[in-house]
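Read through the structure below, which is laid out as structure tokens, and then see the notes.
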Amino acid sequence: MCTVTFLPLSHSSFILTHNRDEHHTRSIALLPERNMVYETEIVFPKDEQGGGTWFASSKEFTLCLLNGGFEKHISSPPYKHSRGLVIVDFFRFNDVNTFKESYDFAGIEPFTLIIIQHSSQQIHQFIKDEKQIHYSLKDNMCHQIWSSTSLYTGEDINKRVQWFNEWKRNHSEFTQSDIIEFHKRKHDDVQQEGIMINRNAVLFTVSLTSVYKNEEGTVAMKYEDFLQHKKKELVI
């Protein structure tokens with residue numbers, strides 16, 4: 001459950017930022033580390049409960065996952081495995097087309113997966129509903145915002161689009177620090193909640209992950225754990 005933004009800075013540079021919203025019963029995740037997965041070095045924070053992650057980067061790819069597909073669904077466990085393992089499993093293929101054709105998406109709870117290929121800056125979107133997988137390419141020079149359908153209503157999602165558009169209008173250029181501040185926006189006197197949420201200490205934003213990929217190919221990840229009040233930065 002989360003909110004994600006994509007900011008293209010050029011045809012070879014971007015910022016992808018992700019708020020992770022979770023239930024209070026979910027265990028605290030591990031801070032991002034370098035890991036060898038299927039002979040590829042990737043950096044990701046780890047969800048100990050499910051064993052996977054919601055955000056990962058390698059030299060070639062950045063991936064993030066949101067809970068839910070096109071619309072809110074009724075969770076019907078047991079499922080084959082945690083959605084967070086889908087990101088880890090991608091690196092078994094390390095290629096979008098092979099992953100799309102060969103991965104077994106059956107038996108996994110609905111999700112939205114974003115894969116950005118660094119070399120082309122192509123944005124690959126996979127939406128898994130309760131029946132099948134839907135694949136599409138997003139415009140890699142268009143600013144994007146996604147919100148989890150398992151947590152936010154259509155009205156909530158549209159409201160976040162409006163906030164994002166307003167934020168863009170107020171910025172002549174985009175920086176990682178600025179978009180991080182947008183993702184940390186809390187409610188004001190008018191809105192009941194902001195991008196960063198706290199619903200009676202039951203559902204709340206537990207962490208933020210942001211990746212800046214520059215034109216030279218360097219990938220810098222910034223991570224903030226709001227529960228442990230810890231920050232970490234890694235260069236890939």
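The values are calculated or read from the model by the stated rules, or taken from the named source; none is laboratory data. Because the structure is predicted, anything quoted here is derived from the model rather than measured. Cβ sites come from the backbone with ideal geometry, for glycine too, and all protein chains shown count toward neighbours. Areas reflect the complete protein model, heavy atoms only, side chains present, ligands, DNA and RNA absent. Shrake-Rupley method; radii C 1.70, N 1.55, O 1.52, S 1.80 Å.
Exactly one residue out of Gly69, Gly51 is on the phi > 0 side of the Ramachandran plot and not in a strand (DSSP E or B), and it is Gly51.
Residue check: is Tyr212 among the aromatic types (Phe, Trp, Tyr), within 30 Å of Ser27 (Cβ to Cβ) and open to solvent by less than 30 Å² (accessible area, probe 1.4 Å)? No: the conditions fail for Tyr212.
You will find that of Ile180, Ile157, Ile195, Ile145, the residue that is closer than 20 Å to Cys2 by Cβ, within 17 Å of the chain's Cα centre (by Cα), in contact (Cβ under 8 Å) with a residue 40 or more places away in the chain and part of a helix (DSSP H, G or I) is Ile180 and no other. Screening the range 116-142 for residues that are of a type in the set (Lys, Arg) and either modelled with pLDDT of 95 or more or under 14 Å from the mean Cα position of the chain (by Cα) (or both) and picking the one that is least open to solvent (accessible area, probe 1.4 Å) gives Lys128. Evaluating Cys64 against the criteria (1) under 21 Å from Leu234 (Cα atoms); (2) touching a helix residue (DSSP H, G or I) at 6+ places or on another chain (Cβ under 7 Å) leaves one unmet condition, (2). So is Phe90 part of a strand (DSSP E or B), within 30 Å of Arg34 (Cα to Cα), open to solvent by less than 10 Å² (accessible area, probe 1.4 Å) and of a type in the set (Phe, Trp, Tyr) or not? Considered against the rule, which asks whether it is part of a strand (DSSP E or B), within 30 Å of Arg34 (Cα to Cα), open to solvent by less than 10 Å² (accessible area, probe 1.4 Å) and of a type in the set (Phe, Trp, Tyr), Phe90 comes out as no. Picking from residues in the range 1-31 that are in a strand (DSSP E or B) and of a type in the set (Gly, Ala, Ser), the one that is surrounded by the fewest Cβ atoms within 10 Å (Cβ to Cβ) is Ser10. One residue stands out in the range 32-76 among those that are farther than 23 Å from Ser150 by Cα and of a type in the set (Val, Ile, Thr): the one that is surrounded by the fewest Cβ atoms within 10 Å (Cβ to Cβ), namely Thr40.
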